[in-house]
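Everything on this sheet refers to the single structure shown next.
The values are calculated or read from the model by the stated rules, or taken from the named source; none is laboratory data. The structure displayed is predicted, hence computed values, not measured ones. Positions of Cβ are generated from backbone atoms using ideal geometry, with glycine treated the same way; all protein chains shown enter the neighbour counts.
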Amino acid sequence: MVQYRSPCRGSRVRRPDPPHGTAGVRDGAGLGTVLLLAGLGLFAGAVLAEPAPVAPDPSLRNLRRGATILAGSVMADSAMEHFQGSYHNPAMYVGPMAAAGTMLATLRGGDRNRASAARTMQGAATMIGLMGLGFHGYNILKRPGGLSWNNLFYAAPVGAPGALALAGVLGLGERRMAGSRGPERREDGRILGGVVGASLLVTTAEIALLHFRGAFHNPAMFVPVTIPPAAGAALCLAGLRRPEAARRHRLARALLHLTALLGPVGTAFHAFGVSREMGGWANWRQSLLSGPPMPAPASLTGLALPGLAALREIEGGMDE
C-alpha cells in the first residue's frame, strides 16, 4: 500500500498498490514487440501453409478452419494476457508458442510429408493446455482468499488454457475424420458434436464470469451468454440416436451460424470497449491491456465451425 497526504484535510489516505504487471504495461516497446511477433506468427502461418491443399470436403474444411481460428485466438489472447503479467513465470511463454505451433500445424493439415510432425504438435498442445488448467487453478488457490469471487475475477482465467487443448483436439479430430468413412465417420461426427457442444457450454461459463465482472453494463453483453449455450445444447441433442432429434437439426444449424457471427461482431464490440478506455486508441499500449480482450470473441467462431461440421456428419453428409 502507498500512503499520500490528502490536499483537503491533511490526513493520510491509503491507496491500493498498482496491480501486478504494471511495470510491464509501461514498457511500450515490449508490448509492441509482443504484438508484432503475434502478427508475424499469423502471417508466417498463412504463408507457410500454402502447400496444404484446400479440403474438398465441407466438413473437413470447416473443422480445419475452426481449429485454426481457435488456435490463433488463443495465441493472440494469451500473448497479451501473459504480457500483462510481465511473463514473471518462464512457463508463461509456452502457451502462446504452443498455440502458434498448433495453428501452423493445422493450416498445413493437408501436407502428408509433415503429418506426423503436425500430429505431434497438436498432441503436445492438448497436453500443454491441460497442464495450463492446473497452473491457472493453482494460481487462483494460492492467493489470499483461495477460491473466491475476487480471485476468479482477477487471477489467471481458470478455463482459458482449455481452449489451447481443444484446438489440439480439433486438429487431431480432422485427421481422424479424413480417414474414416460411412458409419464410422458418422459416429465421429457425434463425438465431435458432443465435444464442441460441451465446449460451448464451458466457454459460455467463462464469458459469463467476465461479463458479470463488467456488471453487464452493455445489454449486448448478454448475447454471448445466451446464443452459444443454446447452440451447444442443441448440438448435443442433435447427436442423440433418437428419431425426433432430426427435427432439432435446423435449430442447431441456425444457432451455430449465429454463434459463428458473434466472433467478428464481438471483436468489434471489444474494439469499441478499448476505445472507451482512458486515452482510447491514442493510448493503445495501455487500452489494449485494460480494455476487453479483442482476440477472445474469435474463439466462438472457432467452435461454431467444427460444430457445423459435426452436424453435417450427424445428418449423414447431407448438404447444409
Some residue of the range 306-318 being at pLDDT 90 or above and either touching a strand residue (DSSP E or B) at 6+ places or on another chain (Cβ under 7 Å) or more than 27 Å from ALA178 (Cβ to Cβ) (or both): no
Close pairs from the range 208-219: first at negative phi, partner surrounded by 12 or more Cβ atoms within 10 Å (Cβ to Cβ) and part of a helix (DSSP H, G or I), Cβ under 7 Å, at least 6 apart: ALA208/VAL225; LEU209/LEU152; HIS211/MET221; HIS211/VAL225; ARG213/PHE153; GLY214/MET221
Any hit, the range 253-264, residues being β-branched (Val, Ile, Thr), at pLDDT 90 or above, out of contact with any Pro (no Cβ under 6 Å at 6 or more places or on another chain) and assigned to a helix (DSSP H, G or I): no
Residue that is farthest from ASN62 (Cα to Cα), among those in the range 273-293 that are in contact (Cβ under 8 Å) with a residue 12 or more places away in the chain and touching a Ser or Thr at 6+ places or on another chain (Cβ under 6 Å): GLU277
Lone qualifier among ALA160, ALA105, ALA118 - being surrounded by fewer than 24 Cβ atoms within 10 Å (Cβ to Cβ) and touching a helix residue (DSSP H, G or I) at 6+ places or on another chain (Cβ under 8 Å): ALA160
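Tally up the residues in the range 157-182 that are outside any helix (DSSP H, G or I) and either touching a residue at least 60 places away in the same chain (Cβ under 8 Å) or of a type in the set (Asp, Glu) (or both), please. Show your work before the answer.
Step one: of the range 157-182, the residues outside any helix (DSSP H, G or I) are 157-160, 179-181.
Next, only the ones that are either touching a residue at least 60 places away in the same chain (Cβ under 8 Å) or of a type in the set (Asp, Glu) (or both) stay: 157, 160.
Here the count works out to 2.
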